[in-house]
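Submitted below is the structure of interest, expressed as structure tokens.
Derivation of every value follows stated rules applied to the coordinates shown; laboratory data play no part. In this text the structure is predicted, and so the values were computed from the model without any measurement. Glycine gets a Cβ as well: all are built from the backbone with ideal geometry, and neighbour counts include every protein chain shown.
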Amino acid sequence: MELTTALKALADDNRLLILRLLGRRDYCVRALARQLGISQAAVSQHLKVLRQAGLVSSEKRGYFTHYRTAGTDLMAVSSALAALAQASPLLCGDCGPDGRPGCREANAFPTPLSAKSWEVNKMKLAVTYENGQVFQHFGHCEQFKVYSVEEGSVRSSQVVSAAGSGHGALAGFLQNLGVDTLICGGIGGGARTALAQAGIQLYPGVTGDADQAAADLLAGRLEYDPDTMCSHHHDGEHNCHSHSCGEDKHGCAGNG
């Protein structure tokens with residue numbers, strides 16, 4: 001499935017409403033038609049578009065076909081859009097204020113980018129890792145488990161050592177591995193910024209088994225806390241969940 005195909009399928013109010021309804025429970029065509037106040041034929045056409053885009057799946061039950069959201073592909077679309085939203089593009093320093101030609105960036109990409117580069121059926125997922133569990137402090141993480149995902153399924157995985165990278169370089173380390181999605185426990189403000197600049201989608205505040213966390217993400221049921229901050233302690237007095245790690249008063253800024 002391509003991102004452009006998915007976005008075209010989503011560019012309709014009724015199809016968005018159908019996805020919202022299917023996100024709560026499965027429905028047959030007749031029930032959706034009643035909910036939306038449109039004909040069953042119109043609902044069937046909308047479902048055909050969503051199914052071709054890989055955004056819904058169906059199951060035959062007796063005389064009726066029931067539809068539900070395809071969580072993995074919806075998550076992939078969400079991750080691709082989130083990466084765009086979180087990006088921090090660099091400014092070119094070679095262009096004059098009057099916009100004169102001659103920018104060096106104009107020749108930086110001799111090969112045109114293809115729309116195929118936006119395919120969302122592949123993902124490279126990393127999980128902070130220690131003894132099979134999600135490690136709880138990104139900035140001190142010495143190992144990541146990296147999963148190569150295609151068509152919503154893990155094709156391969158490996159444990160990669162990050163020893164010696166240092167917390168300030170972990171985002172670049174993951175970017176060099178081709179990672180586009182990260183599951184972790186606690187994480188500080190500086191590391192969040194670095195990951196966003198690297199275009200890596202973040203799912204913090206996760207605990208438990210690393211393999212299960214990866215499976216839950218792909219199934220669209222991962223429980224995470226987007227507001228989780230680093231959980232290390234200073235002099236045993238507090239943890240960083242209680243305030244922003246950007247505060248300078250205890251030296252926690254940017255620790256990740």
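What FRET efficiency comes out for Gln35 versus Lys8 if R0 is 35 angstrom and r is the Cβ-Cβ distance? Round to the nearest 0.05.
The calculated FRET efficiency here is 0.90.
Once R0 is set to 30 Å, what does the formula 1/(1 + (r/R0)^6) return for the Cβ-Cβ distance between Ala169 and Lys124, expressed as a FRET efficiency to the nearest 0.05?
For R0 = 30 Å, the calculated efficiency reads 0.95.
A follow-up question, please. Provide the gained length on full extension for the span Thr65 to Leu16, in nm with one decimal, where the gain is 0.36 nm per separating residue minus the Cα-Cα distance.
Length difference between fully extended and current span is 15.7 nm.
Right, next: Could you give the length gained by full extension between Lys48 and Arg24, i.e. 0.36 nm per residue of separation minus their alpha carbon distance, to one decimal place?
Additional length available on full extension: 6.7 nm.
Using the basic label-point model (7 angstrom from Cα toward the beta carbon), what is the Gln197 to Glu150 distance in nanometres?
3.4 nm
Under 5 Å between amide H atoms, partner at least 5 residues away or on a different chain: which partners does Gly186 have, H built in plane at 1.01 Å?
It is His137, Phe138, Gly205, Ser231, by chain and number.
Given points 7 Å out from each Cα along the Cα-Cβ axis, report the Val160 to Asn176 separation in nanometres with one decimal.
1.0 nm
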